[in-house]
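Take a look at the structure below.
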Amino acid sequence: MAILEETGQALISPLVSLWDSFVSIIPGLIGAIVVLVIGYIVGWAFGLLVKKVLQKVQLDKFVVEKTNLQKSAGKFELSRVVGLVVKWYIFVLFLTPAAALVNLEALSEFLVKASLWIPNLIAAVLVAVIGFIAADYVASKVEEIKSTSSKLIAYITKIIIVIFTLIIALNQLGIDVSVAESSFLIILAGIMLALAIGFGLALKDESKPIIKKMMGKI
């Protein structure tokens, strides 16, 4: 009989401990959920407010249309992007106090790390979006020169801006790209040197009269 009681106790004790642990975290878990809901509502409200204010001052018209970005960005609404960034940034600020209410060390640690990392993710996404739009815009402006090599130069320029953008975005995420960055700078220097030599050879005939005229004045 004693053996049965000991066996039953051995089986029940872990279940009781598990239940007690679950019950002990419920208040903190409920509190964390409430904090996150409040954070989402506050973030949504501020994000919407910022979006409406920027639309009221016609930021989209000024930035997109005035700078001719409509062609490269499509239906791009900067006010909406800024509103979303504000919304989620404010929400992220509520992750740390929410994590403090949860009595699970692993989950709390994860939420704290997420609250520190997500702003970097938002910044990296913003850098990427702005960089890609800028690459299209600059390339389109180069193509408007209407020279024989304008399309090639526009393509090379776009690729260079995109690669620089990716390097900056990855650095923002905390990813070490120093080797790739150094390699890219070496390749870029080679491309610039090749372009300079190419332009020099292409314009040598046109430059001779100009040089002679300058030498004559001297």
Legend entry - Label point distance in nm, Val112-Thr157, each placed 7 Å from Cα along Cα→Cβ: 4.9
Legend entry - Burial ranking of peptide ranges 131-139, 118-126 (average Cβ count within 10 Å, highest at the top): 131-139, 118-126
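No value in this document is a laboratory result; all are computed from the given coordinates. Here the structure is a predicted model, which is why all the values come from computation and not from measurement. Cβ sites come from the backbone with ideal geometry, for glycine too, and all protein chains shown count toward neighbours.
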